[in-house]
Amino acid sequence: MTSESRNSLPRVTLARGLSSVNALVRPGHTQQVFNRFGDRFRYSFPGFPDIVVTRVPEDLRQVFRDEDKAWSWGEFLRRFSPHDVLFGDSYIFFDHKRHAQERRLISPPFNGRALKSYEQKMVDIVDRVIAQWPTGEPISFFALSHRLASDVMSAVVFGVTDQRRLKQLDRALANYFGILNGVVFESLAAVGLLTGGRIPRHPQLSSAERAIDRIVLAEIADRRRNGTIDDGDMIGRYLAEPNGSWSARDDDALAASARRLMFAGYETTAATLSWVGVFLSRHPDVVEELEASVDRGEDRLLDAVINEAMRLRPAIPLTGRRAVRDTTVGDVSIRKGTALLIPILGMHESPGIHDDPLVFRPQRFIDQQPTATSLLPFGGGVNKCLGAPFAAFELKVLLRTFLAERSFVPQATPVPHPRVRTEMMVPRDGAMLTLKRRVRQPSA
Ligand code: HEM
């Protein structure tokens, strides 16, 4: 491509563009940005690499296919997030070939057959947890979703069953996420944007990480000592791995890796489930239909409801890539070092892709199956969320089990505003809503 075509990309300066970056993660506002600057444009801010933004589906398909291996998610995180602190030496920073190898090694516990074996643990967790939450008075559905997601992580990822250890892990996780979501860390993360992703050490966070790892290491040591290496949870699967992919590594690496998976999967799932509750509590007609379909043992509407909530409130509204060599997007030439924003929320709200994009209407995903660019809460391409099958399965089991016992008192209040914390979109009011006991309709 010629340099003319690159220059033809509208250039948005700091003075014109700064406030629009925020709009890309604000539901109901994303399209203003594209309406103003075009379907494709580039931010040109002093001290930052060029940042290309596109809502053209074919552009994103091309980036996800990445045929010339030009795009790196790791390099994007390195530049724009406090990567050392959040991700350590995670495999996501490896180059294309090594990334693929490593991903293959760690994915089996997140795929197909493995998932089914976690189902009963998930069902038991919902039954136990919801019995402890009141009906008939307002509760934070985000807090309840957190409880569920945390217990699933402890039982299914870490496989901790000892009650005392579970409590310790629970406290350690709460402390860790408290620090991550606190003002100090958020401010440091903002500083990281200016310093190319480097932030000062955060001793409290390091010690919170070590506290989690110590508990996991104690669990691993017990299992080795007692010979109880079953594969009913992810750590068990790693330990039982016959070809030594994980068992050959040291336990510290295994514990750190489990912690990072938990970091990737716990708040994202809790946030998603809480948005599902927010929307259902505002749509009693959908709840009625959903309950009937779940009672009939059908999953189609269940999937559609979860997809629609993820469309309107993707837990991660924005991801990105960085060009590690010169490349093109459509007819635009891209220089090595350029960043590319993948506007997940912006695609979900695009009127060119969805009819009435701001309306909650799960039926749309029954009438038409989602595509890689019409629904991308898990990103796409080689970096597509490793935990996507696990998260989709977990959300489905949690919601289905929940709906067997509880329902939502219809809320007249509008859908709460989101708050974006640690890059994640959560309900600002904690998803306050009221639960009621489910009264099942007698079958006809
Ligand atoms: C609803 C829940 C979740 C959401 C919305 C979510 C979203 C995402 C997104 C947007 C990405 C970046 C993808 C890209 O840039 O193309 C990602 C990556 C990732 N996620 Fe998730 N995630 C969820 C749950 C989980 C769970 C449960 C796990 C593991 C237990 C997990 C592990 C990962 C990993 C390891 C990556 C990096 C993938 C790679 O580079 O190979 N996530 N996730």
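Listed values, structure above:
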quantity: Flag for ALA255 being crowded, with 21+ Cβ neighbours inside 10 Å, at pLDDT 85 or above and away from the ligand (no atom under 12 Å from the Cβ); calculated: yes
quantity: Filter pass, ASP367 being within 28 Å of ASP59 (Cα to Cα), more than 16 Å from the ligand (Cβ to nearest atom) and surrounded by fewer than 19 Cβ atoms within 10 Å (Cβ to Cβ); calculated: yes
quantity: Test: residue in the stretch 295-309 that is open to solvent by 30 Å² or more (accessible area, probe 1.4 Å), touching a Pro at 6+ places or on another chain (Cβ under 8 Å) and away from the ligand (no atom under 16 Å from the Cβ); calculated: no
quantity: Qualifying residue in the stretch 120-131 (condition: in contact (Cβ under 8 Å) with a residue 24 or more places away in the chain and part of a loop (DSSP other than H, G, I, E, B)); calculated: no
quantity: Some residue of the stretch 161-170 being of a type in the set (Asp, Glu), in contact with a Phe, Trp or Tyr (Cβ under 7 Å, 6 or more places away or on another chain) and closer than 17 Å to ALA264 by Cα; calculated: no
quantity: Pair list, Cβ under 8 Å, 6 or more apart: the stretch 97-113 residue assigned to a helix (DSSP H, G or I), other residue at pLDDT 85 or above and open to solvent by 70 Å² or more (accessible area, probe 1.4 Å); calculated: HIS99/VAL382; ALA100/VAL382; ARG103/VAL382
quantity: Residue match in the stretch 378-393 (condition: over 30 Å from PRO351 (Cβ atoms) and over 18 Å from the mean Cα position of the chain (by Cα)); calculated: no
quantity: Matching residues, the stretch 325-352, being within 26 Å of the chain's Cα centre (by Cα) and open to solvent by 50 Å² or more (accessible area, probe 1.4 Å); calculated: PRO351, GLY352
quantity: Criterion violated by SER44 - all others in (1) of a type outside the set (Lys, Arg); (2) surrounded by fewer than 18 Cβ atoms within 10 Å (Cβ to Cβ); (3) in contact (Cβ under 8 Å) with a residue 12 or more places away in the chain; (4) closer than 28 Å to ARG260 by Cβ satisfied; calculated: (4)
quantity: Given (1) surrounded by fewer than 17 Cβ atoms within 10 Å (Cβ to Cβ); (2) over 22 Å from ILE51 (Cα atoms); (3) within 16 Å of the ligand (Cβ to nearest atom), number of the condition LYS384 does not satisfy; calculated: (2)
quantity: Residue, modelled with the lowest pLDDT, within the stretch 233-252, restricted to residues that are in contact with a Ser or Thr (Cβ under 8 Å, 6 or more places away or on another chain) and away from the ligand (no atom under 16 Å from the Cβ); calculated: GLU241
quantity: Pair list, Cβ under 6 Å, 6 or more apart: the stretch 342-357 residue within 16 Å of ALA23 (Cα to Cα), other residue in a helix (DSSP H, G or I) and within 12 Å of the ligand (Cβ to nearest atom); calculated: HIS348/ARG311
quantity: Count - residues of the stretch 205-228 that are open to solvent by 60 Å² or more (accessible area, probe 1.4 Å) and closer than 18 Å to ARG260 by Cβ; calculated: 2
quantity: Sole residue being open to solvent by 30 Å² or more (accessible area, probe 1.4 Å), free of Cβ contacts under 8 Å to residues at least 12 places away in the same chain and over 20 Å from the mean Cα position of the chain (by Cα), chosen from ASN22, ASN35; calculated: ASN35
quantity: Residue among LEU173, LEU188, LEU169 that alone is assigned to a helix (DSSP H, G or I), under 16 Å from ASP222 (Cα atoms) and open to solvent by less than 40 Å² (accessible area, probe 1.4 Å); calculated: LEU169
quantity: For PHE378: the one exception among (1) within 11 Å of the ligand (Cβ to nearest atom); (2) of a type in the set (A, V, I, L, M, F, W, C); (3) in contact (Cβ under 8 Å) with a residue 24 or more places away in the chain; calculated: (3)
quantity: Long-range neighbours under 9 Å by Cβ, at least six apart or interchain, first residue acidic (Asp, Glu) within the stretch 264-281, second within 10 Å of the ligand (Cβ to nearest atom); calculated: GLU267/ALA149; GLU267/ALA315; GLU267/MET424
quantity: So VAL56, is it open to solvent by 20 Å² or more (accessible area, probe 1.4 Å), out of contact with any Phe, Trp or Tyr (no Cβ under 7 Å at 6 or more places or on another chain), modelled with pLDDT of 90 or more and β-branched (Val, Ile, Thr); calculated: yes
quantity: Tally of residues being open to solvent by less than 30 Å² (accessible area, probe 1.4 Å) and in a strand (DSSP E or B) across the stretch 390-444; calculated: 11
quantity: Residue under evaluation GLY17, criteria (1) part of a helix (DSSP H, G or I); (2) open to solvent by less than 20 Å² (accessible area, probe 1.4 Å); (3) in contact (Cβ under 8 Å) with a residue 60 or more places away in the chain, criterion not met; calculated: (3)
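The values are calculated or read from the model by the stated rules, or taken from the named source; none is laboratory data. Predicted model, so just to flag it, every value in this text is computed and none were measured. Glycine also receives a Cβ, built like all others from the backbone with ideal geometry; neighbour counts cover every protein chain displayed. Only protein heavy atoms, including side chains, enter the accessible area calculation; ligands, DNA and RNA are left aside. Shrake-Rupley method; radii C 1.70, N 1.55, O 1.52, S 1.80 Å.
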